[in-house]
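Visitor: If you scroll down you'll find the structure; I have some questions about it.
The values are calculated or read from the model by the stated rules, or taken from the named source; none is laboratory data. If you're wondering where the values come from, they're calculated on a predicted model, not measured in any experiment. Note: ideal-geometry Cβ built from the backbone for every residue, glycine included; neighbour counts use all protein chains shown.
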């Protein structure tokens, strides 16, 4: 077992201990029984709409290039998101970059750069959701407020850093400087390594080209706010299905905290951090741990089933496996060495 798996398992076990410590099993089971299916007919189409909107946004991040279809990009995103749930180390994002790169004969590092930019936009959008919830309901909670501003600093700072790196691109000059030093010292292997890194770094930064286009950047930002707003409403419908009469701000806290919880290392389906983030969010409204665990389980199960149902369909349709990715990577590494 490698270090990443050990860390993920340790984090999961830690959170599960916190979740199940002094849990009221009877109340947990009773809460499951109170779930009302009346909103499912609204939840499913709204959730699938967000997947299509993500395809439109991804196309904007790829400079609205005509060789890409919003529908196809949405499908690729769906497969990648499904794989991220069940596989470690964000394998779904790697899948997206390699599949789309092969399918459209595009640089995989450029595609991956656009995915990183997409994730950064998501982080900023979720930060704004959390900040909104705090301003309307929880101004005097220093822990939640401190967490919000820390997260905002990370994602907004990352976006600013990406913009500056792209705008004042000095990767070529910096790499060439170190290549010259390596050549003078006759460190041929180091020189080749830097040359390969330069090629990948330049290609990666091409994925941030949209930052030089104000309108497409604005379009992607607006789409981010819209799709995350819809996801907030979906979360609110699921919470409301338990007849708790909680305000809409509860969905804002839930969605923002569970979204950030997926950044923590954990085993498949984000087991542990996801549920504990949900518990923290609803504890603000005085909802006990047993009740919240039931709600979080239903919430996660509904969205996982909706995502997996469509994701498996497109995974089979694309006929592009993780085994193929490993083979492509092996060939690329072999060609670089030659």
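Visitor: In the range 270-302, what count of residues is obtained for those that are in a helix (DSSP H, G or I), free of Cβ contacts under 8 Å to residues at least 60 places away in the same chain, surrounded by 20 or more Cβ atoms within 10 Å (Cβ to Cβ) and more than 20 Å from the chain's Cα centre (by Cα)?
Guide: Residues meeting the conditions: 2.
Visitor: Given the range 141-208, what helices (runs of 4 or more DSSP H) lie entirely inside it while holding 3 or more residues that are under 30 Å from residue 279 (Cβ atoms) and modelled with pLDDT of 75 or more?
Guide: Numbers: elements: 142-167, 171-184, 188-206.
In the range 141-208, the matching helices (runs of 4 or more DSSP H) lie at 142-167.
Visitor: Another question about this same structure. Among residues belonging to the range 218-234 that are more than 17 Å from the chain's Cα centre (by Cα) and in contact (Cβ under 8 Å) with a residue 40 or more places away in the chain, point out the one that is nearest to residue 35 (Cα to Cα). Show your work before the answer.
Guide: Here is the first cut: in the range 218-234, the residues more than 17 Å from the chain's Cα centre (by Cα) are 218-219, 222, 233-234.
Now restrict to residues that are in contact (Cβ under 8 Å) with a residue 40 or more places away in the chain: 219, 233-234.
Numbers: 219: 37, 233: 17, 234: 15 Å.
Going through the qualifying residues, I end up with 234.
Visitor: Residues to consider are 168, 214, 208; find the one that is more than 30 Å from residue 42 (Cα to Cα) and surrounded by 15 or more Cβ atoms within 10 Å (Cβ to Cβ). I'd like the intermediate steps shown before the answer.
Guide: Numbers: 168 fails: surrounded by 15 or more Cβ atoms within 10 Å (Cβ to Cβ); 214 fails: surrounded by 15 or more Cβ atoms within 10 Å (Cβ to Cβ).
On inspection, the qualifying residue turns out to be 208.
Visitor: When only residues in the range 251-269 that are surrounded by fewer than 23 Cβ atoms within 10 Å (Cβ to Cβ) and part of a helix (DSSP H, G or I) count, which is modelled with the highest pLDDT? Step through it out loud before you land on a result.
Guide: Of all residues in the range 251-269, those surrounded by fewer than 23 Cβ atoms within 10 Å (Cβ to Cβ) come to 259-265, 267-269.
Next, from what is left, pick out any that are part of a helix (DSSP H, G or I): 259-261, 268-269.
On the way: 259: 90, 260: 87, 261: 86, 268: 72, 269: 76.
Across the range 251-269, the extreme among qualifying residues is 259.
Visitor: Moving on to the next point. Quick check on my filter: what residues within the range 235-248 are in contact (Cβ under 8 Å) with a residue 40 or more places away in the chain and either surrounded by fewer than 23 Cβ atoms within 10 Å (Cβ to Cβ) or over 14 Å from residue 50 (Cα atoms) (or both)?
Guide: Correct list: 237, 238, 239, 240, 241, 242, 243, 244, 246, 247.
Visitor: So the check is Cβ under 8 Å with 6+ separation or different chains; which pairs have a first residue in the range 303-321 that's within 23 Å of residue 238 (Cβ to Cβ) and a second one that's assigned to a helix (DSSP H, G or I) and modelled with pLDDT under 90?
Guide: 304/85; 304/269; 307/85; 308/85
Visitor: Residues 52, 48: which one is closer than 30 Å to residue 229 by Cβ, touching a residue at least 60 places away in the same chain (Cβ under 8 Å) and assigned to a helix (DSSP H, G or I)? First the steps, then the outcome.
Guide: Working: 52 fails: touching a residue at least 60 places away in the same chain (Cβ under 8 Å).
Every option except 48 fails the conditions.
Visitor: Looking only at the range 94-140, which residues are without any contact (Cβ under 8 Å) to a residue 40 or more places away in the chain, at negative phi and in a loop (DSSP other than H, G, I, E, B)?
Guide: Once the filter is applied, which keeps residues that are without any contact (Cβ under 8 Å) to a residue 40 or more places away in the chain, at negative phi and in a loop (DSSP other than H, G, I, E, B), the range 94-140 yields 106, 139, 140.
Visitor: Among (1) at pLDDT 95 or above; (2) under 25 Å from residue 304 (Cβ atoms), there is one condition residue 123 misses while meeting the rest; what is its number?
Guide: (1)
Visitor: All but one of (1) in contact (Cβ under 8 Å) with a residue 60 or more places away in the chain; (2) closer than 30 Å to residue 142 by Cβ hold for residue 251; state the number of the condition that does not hold.
Guide: Among (1) in contact (Cβ under 8 Å) with a residue 60 or more places away in the chain; (2) closer than 30 Å to residue 142 by Cβ, residue 251 violates only (1).
Visitor: Turning to a different aspect of this structure: Of all residues in the range 85-96, which are more than 18 Å from residue 113 (Cβ to Cβ) and within 11 Å of the chain's Cα centre (by Cα)?
Guide: 85
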